[in-house]
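The values are calculated or read from the model by the stated rules, or taken from the named source; none is laboratory data. These numbers come from a predicted model, not from an experiment. What goes into the accessible areas is simple: the full protein's heavy atoms, side chains included, and nothing from ligands, DNA or RNA. Shrake-Rupley method; radii C 1.70, N 1.55, O 1.52, S 1.80 Å.
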Amino acid sequence: MTQQGAVLQGYNNELVKCIEDLCMQKEELNKQIQQAEEEKNKLQHEIQVLNEQLECVCENLAQKVASRNELDKILAETEAAYMKILDSSRTLLNVLKKEVGSLKHTPELKTS
């Protein structure tokens with residue numbers, strides 16, 4: 001029976017060792033889970049911060065695009081008005097040249 005007791009004691013020792021190994025594996029896995037949860041929380045916070053920054057950038061961009069569109073409109077209106085001024089100036093110059101030309105043909109202005 002002593003031999004059977006020794007065998008039983010050997011089994012018991014192996015069983016205890018297996019249980020201790022499983023406990024160590026569980027502890028290691030718990031550490032990994034905790035690290036993963038911390039990383040997940042960190043990343044979620046970073047995502048939230050980035051989303052807030054993105055929202056600000058999008059709002060700023062929308063304002064700048066609206067300002068640019070307004071400037072484009074003002075510039076187009078100004079260029080159109082300037083073209084009208086140029087056209088009127090050309091017309092005025094042509095009329096003035098005709099008038100001056102017709103004055104040269106009048107007898108009072110002819111030089112002898």
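Assuming residue 100 fulfils every condition listed in (1) open to solvent by 100 Å² or more (accessible area, probe 1.4 Å); (2) modelled with pLDDT under 95 apart from one, which condition is it?
For residue 100, the failing item is (1).
From 46, 39, 55, 28, grab the single residue that is modelled with pLDDT of 95 or more and open to solvent by 100 Å² or more (accessible area, probe 1.4 Å).
The conditions single out 55.
Based on what the data block shows, is residue 2 β-branched (Val, Ile, Thr) and open to solvent by 100 Å² or more (accessible area, probe 1.4 Å)?
In short, yes.
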